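**Q** Sharing a structure, written as structure tokens. Questions coming.
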Amino acid sequence: DVKVTQSSRYLVKRTGEKVFLECVQDMDHENMFWYRQDPGLGLRLIYFSYDVKMKEKGDIPEGYSVSREKKERFSLILESASTNQTSMYLCASSFLGGSYNEQFFGPGTRLTVL
Amino acid sequence: DQQVKQNSPSLSVQEGRISILNCDYTNSMFDYFLWYKKYPAEGPTFLISISSIKDKNEDGRFTVFLNKSAKHLSLHIVPSQPGDSAVYFCAASRRFGNEKLTFGTGTRLTIIP
């Protein structure tokens, strides 16, 4: 079974703090993705990566950065957290050329910025 | 520009009846369509998919229908069970060159016992 794990299920941070969200997948997937989920807005893509040290902006990259130093690990960084970044953050991974481009998701991190 | 739309934020269905969730898209270049199911405090899990060369795909109680001319797909759940209560997202993707999924805004399905 594909397993995607995220470092924290719940996180509370203060405005202005630097926040790291970690994601690890164990199936040697090439592609990794970071989304945020907000009520009424669905899943919005923040950043994605097709390979180590490679990153591409998604639909809402402002205020975020990412790092992919190893194939299995994809980190999302909030350089200076703000209250409008309070959200559910979901990491996903997929095979390059996989069936239907199916993505496998982690359990999510509920981030609250005070 | 919302390329994938789920116009019903919520839906309530009696247990045992049919649940029909709808999804519309605007990009005619999409090749693959997927449905995901999400429980609270969990990540989405893949449910069923369909290719643009087909108009129907069935997996147990779940059937997805694709109408390319109308740019519309629907997920049918028969019979509906209490465990089906969740948020359902439809997603779309192109086959080559871009493996991102574009998600809709989700429909919260509640099955009434």
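The values are calculated or read from the model by the stated rules, or taken from the named source; none is laboratory data. Not measured: the values here are computed from a predicted model. Neighbour counts are summed over all protein chains in view; Cβ atoms, including those assigned to glycine, are modelled from backbone coordinates with ideal geometry. What goes into the accessible areas is simple: the full protein's heavy atoms, side chains included, and nothing from ligands, DNA or RNA. Shrake-Rupley method; radii C 1.70, N 1.55, O 1.52, S 1.80 Å.
**Q** Please list 3J(HN,Hα) in residue order for segment A:99-114, calculated via the Karplus relation 6.51 cos²θ - 1.76 cosθ + 1.60 where θ = phi - 60°; whole Hz, with x for glycine and proline.
**A** 4, 6, 6, 4, 10, 10, 9, x, x, x, 10, 8, 9, 10, 10, 9
**Q** Could I ask something else about it? Over the Cα atoms of the protein assembly as shown, compute the convex hull volume and normalise it per residue, giving Å³. Kindly include the intermediate steps, with their values, before the conclusion.
**A** Values: hull volume 27.1 nm³, N = 227.
So the per-residue Cα hull volume is 119 Å³.
**Q** Give me a single rounded figure for B:85-92: the average over its residues of other chain Cβ atoms within 10 Å of their Cβ.
**A** On the way: counts 0, 0, 3, 0, 3, 1, 6, 1.
Per residue, the number of nearby Cβ atoms from other chains is 2 on average.
**Q** Can you tell me the dipole magnitude for segment B:4-112 around its Cα centre, using point charges on the Cβ only (Lys, Arg +1; Asp, Glu -1), in Debye to the nearest 20?
**A** Details: 13 positive and 9 negative charges, 51 e Å.
In total the dipole reaches around 240 debye.
**Q** Using a simple charge model, +1 on the beta-carbon of Lys and Arg, -1 on the beta-carbon of Asp and Glu, nothing else, what dipole does chain A show about its Cα centre, in debye to the nearest 20? Show your work: numbers first, answer last.
**A** On the way: 15 positive and 15 negative charges, 80 e Å.
Approximately 380 debye in magnitude.
**Q** Can you pull the mean other chain C-beta count within 10 Å for peptide A:101-110? Walk me through the numbers before you get to the answer.
**A** Working: counts 13, 9, 11, 4, 7, 3, 3, 6, 0, 1.
The shielding value for this peptide is 6.
**Q** Taking 20 °C and 1.002 mPa s as the conditions, I'd like the Stokes-Einstein D for segment A:49-114 in µm²/s, using the Kirkwood hydrodynamic radius from alpha carbon pairs.
**A** Calculated translational D: 160 µm²/s.
**Q** Here's another thing I want to ask about it. Over 16 Å apart: what share of the alpha carbon pairs of chain A falls there, rounded to a whole percent? Display every interim value, and only then the final one.
**A** On the way: 3586 of 6441 pairs.
Counting every Cα pair in chain A, those more than 16 Å apart make up 56 percent.
**Q** What percentage of the solvent-accessible surface of chain B, computed with a 1.4 Å probe over protein heavy atoms, is contributed by carbon and sulfur atoms?
**A** Numbers: 2610 of 5450 Å².
Roughly 48 percent of what the probe reaches on chain B is carbon or sulfur.
**Q** Out of B:Pro113, B:His76, B:Val13, whose Cα points farthest toward the positive end of the dipole of chain B (charges: +1 Lys, Arg; -1 Asp, Glu; placed on Cβ)?
**A** B:His76
**Q** Take every DSSP beta bridge with both residues inside the protein assembly as shown and express the antiparallel ones as a percent of the total, to the nearest 5.
**A** Details: 71 of 80 bridges.
In the protein assembly as shown, approximately 90 percent of DSSP beta bridges are antiparallel ones.
**Q** Rounded to the nearest 0.05, what FRET efficiency do A:Tyr50 and B:Gln81 have when you use their Cβ-Cβ distance and R0 = 41 Å? If you can, show how the numbers build up before the last one.
**A** Numbers: r = 38 Å, r/R0 = 0.93.
It comes to 0.60.
**Q** Of A:Ser94, A:Leu114, A:Gly58, whose Cα points farthest to the positive end of the dipole of chain A (charges on the beta-carbon: +1 Lys, Arg; -1 Asp, Glu; origin at the Cα centre)?
**A** Working it through, the farthest residue towards the positive pole turns out to be A:Leu114.
**Q** Same structure, new question: Not counting ligands, DNA or RNA, and with a 1.4 Å probe, what is A:Val24's accessible surface area in Å² rounded to the nearest 10?
**A** Approximately 40 Å² for this residue.
**Q** Using the beta-carbon distance between B:Thr110 and A:Thr15 and R0 = 30 Å, what value does 1/(1 + (r/R0)^6) give for FRET efficiency, to the nearest 0.05? Display every interim value, and only then the final one.
**A** Values: r = 36 Å, r/R0 = 1.19.
Once the sixth-power term is evaluated, E becomes 0.25.
**Q** Under a plain spin-label model, where a point goes 7 Å from the Cα along Cα-to-Cβ, how far apart in nm are B:Thr45 and A:Leu114?
**A** Output for this residue pair reads 3.4 nm.
**Q** Per residue Cα convex hull volume for segment B:4-112, in cubic angstrom?
**A** Numbers: hull volume 10.1 nm³, N = 109.
Each residue corresponds to 93 Å³ of Cα convex hull volume.
**Q** A follow-up question, please. What is the sum of charges, Lys and Arg at +1 and Asp and Glu at -1, for the other residues whose Cβ falls under 12 Å from the Cβ of B:Asp31?
**A** Working: positive: B:Lys54, B:Lys68, B:Arg94, B:Arg95; negative: B:Glu99.
Computed value for this residue: +3.
**Q** Using a 1.4 Å probe and counting only protein heavy atoms, how much accessible surface gets buried when A and B come together, both sides summed, in Å² to the nearest 100?
**A** Working: alone 6390 and 6400 Å², together 10890 Å².
Protein heavy atoms only, the A-B interface buries about 1900 Å².
**Q** What residues qualify as long-range amide H neighbours of B:Gly106, i.e. H under 5 Å apart, gap of 5 or more or another chain, H built at 1.01 Å from N?
**A** B:Gln6, B:Cys90
**Q** DSSP beta bridges in chain A, what fraction antiparallel, as a percent rounded to 5? Kindly include the intermediate steps, with their values, before the conclusion.
**A** Values: 35 of 39 bridges.
Taking every DSSP beta bridge with both residues in chain A, the antiparallel ones total about 90 percent.
**Q** Which whole-Hz ³J(HN,Hα) couplings does segment B:105-110 yield from phi under the Karplus relation 6.51 cos²θ - 1.76 cosθ + 1.60, θ = phi - 60°, glycine and proline marked x?
**A** Running phi through 6.51 cos²θ - 1.76 cosθ + 1.60 with θ = phi - 60° gives 7, x, 10, 8, 9, 10 Hz.
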